[in-house]
1. Report in % the part of the accessible area of region 208-353 that belongs to carbon and sulfur, leaving out ligands and nucleic acids; probe 1.4 Å.
2. State the Cα centre-to-centre distance between region 42-61 and region 303-326 in whole Å.
3. Just add up the charged neighbours of LYS202: K/R +1, D/E -1, any other residue whose Cβ is under 13 Å from the Cβ of LYS202.
4. Would you work out which of ILE131, VAL326, TRP180 lies farthest towards the positive end of the dipole of the chain, given +1 charges on the beta-carbon of Lys and Arg and -1 on that of Asp and Glu, about the Cα centre?
5. Of HIS228, HIS130, which has the most accessible area and how do the rest follow, probe 1.4 Å?
6. With a probe of 1.4 Å, find how much accessible area the chain has per residue, and write the answer as a whole number in Å².
7. Compute the helix-to-body angle for 78-89: its Cα long axis versus the longest principal axis of the chain, expressed 0 to 90° and rounded to tens.
8. Between region 101-130 and region 165-205, how many Å separate their Cα centres?
Amino acid sequence: MRPGYFLLIVLLLSLQSGFSQSLSNRYSEFFTIGVAITPRSTTTDEAKLIVSQFNSVTAENAMKMGPVHPQEDQYNWAGPDSIVAFAQSSGMKVRGHTLVWHNQTPAWIFKDANGQEVNKEILLKRLKEHITTVVTRYRGKIYAWDVVNEAISDNPNEYLRNSNWLKICGPEYINLAFQWAHDADPDAILFYNDYNETDPVKREKIYRLISELKSQGVPVSGLGLQAHWNIYHPSAAQIDSALQLYSKLNVNLQVTELDLSVYPSGPDSTFKPGTIPAEFTPQQEQKQIEKYREIFAIFRKYKKQITSITFWNISDRRSWLDNFPVRGRKNYPLLFDKDLKPKRAFDAVMNFQ
Ligand code: XIL
């Protein structure tokens with residue numbers, strides 16, 4: 001072989017292996033791979049990792065109603081604008097999160113000038129104004145919105161969550177939110193997004209909500225599965241059954257907030273606040289590697305239905321799970337370590353036939 005050809009082949013091979021070291025390239029035939037970020041992370045050493053590994057971003061907090069619309073006549077655009085600009089300059093997509101939620105709402109939205117609870121008419125008018133303003137601002141720049149977040153109850157005996165939205169407006173706020181988001185950007189894919197989505201009772205309620213909305217002609221076009229899971233739960237069979245059920249809805253399925261906590265869910269009586277940060281043990285590491293391998297194999301099986309997988313936070317340097325549900329307990333839920341280096345679980349996600 002002529003030396004020129006040989007060099008060319010070596011160059012192509014090394015380029016290919018360089019590319020395949022990135023999640024978004026490895027999964028380009030399957031899904032978009034996203035990550036939840038803060039405005040600050042676009043200015044630190046994390047920015048390089050975001051751009052090289054992912055091709056979609058979500059604002060972890062900056063686009064939520066409380067942060068973006070803290071007073072009736074005040075919007076904070078600096079954070080969300082910087083995230084959208086960063087994504088655009090790096091050729092990444094943006095998922096919008098989120099338009100209606102019971103958490104991180106600004107106090108003013110439910111109250112009148114005298115501190116009394118507002119009526120349905122006023123609250124819906126405020127919600128419409130909020131949704132229209134935010135969605136219009138990013139029209140054509142944000143391709144998908146989590147319109148309604150976590151509206152379903154975790155109580156097996158209750159259908160919808162008894163939030164202020166439901167108490168004041170009734171279930172109609174859900175239909176209207178989708179309609180207003182659609183009017184503001186008819187091209188955006190509009191998601192209902194929730195957690196505990198593999199729970200056998202809750203998954204039926206999620207299925208029911210989307211089916212009912214669709215049969216009423218509401219423009220819901222996606223279901224977001226948060227996937228805040230842990231290394232023990234849910235089982236592969238439970239994830240598979242939920243995906244099988246949701247596939248029948250004929251909407252876009254996206255995994256929107258993936259992380260794998262290294263602790264079982266719920267309170268932790270063994271953790272003592274103020275002690276040295278909990279270590280990432282070899283047992284936790286091994287279980288996490290296996291779980292990441294397992295869940296990505298399931299996701300690939302549903303590649304026709306699933307269009308995107310988004311991780312909730314960038315690396316184990318900082319995760320929302322460092323403080324939740326157990327305050328101050330360090331967690332290690334992601335594919336990159338605190339030095340932003342790929343963990344062994346990363347290889348488990350990347351290596352498949
Ligand atoms: C979390 C953020 O990660 C935290 O920084 C914030 O303090 C609370 O919210 N479900 C959602 C996300 O839809 O918006 C939440 O994000 C995590 C659970």
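1. 53 percent
2. 13 Å
3. With Lys, Arg at +1 and Asp, Glu at -1, the neighbours total -3.
4. VAL326
5. The ordering from most to least exposed comes out as HIS228, HIS130.
6. Working: 16550 Å² over 353 residues.
Per residue, the chain has 47 Å² of solvent-accessible surface.
7. Between the helix axis and the principal axis of the chain, the angle is about 40 degrees.
8. Taking the Cα centre of each part, region 101-130 and region 165-205 sit 18 Å apart.
The values are calculated or read from the model by the stated rules, or taken from the named source; none is laboratory data. Worth saying up front: this structure is predicted, and the values here are computed from it rather than measured. Note that we place each Cβ from the backbone using ideal geometry, even for glycine, and neighbour counts take in every protein chain shown. Surface accessibility is based on the protein's heavy atoms, side chains included, excluding ligands, DNA and RNA. Shrake-Rupley method; radii C 1.70, N 1.55, O 1.52, S 1.80 Å.
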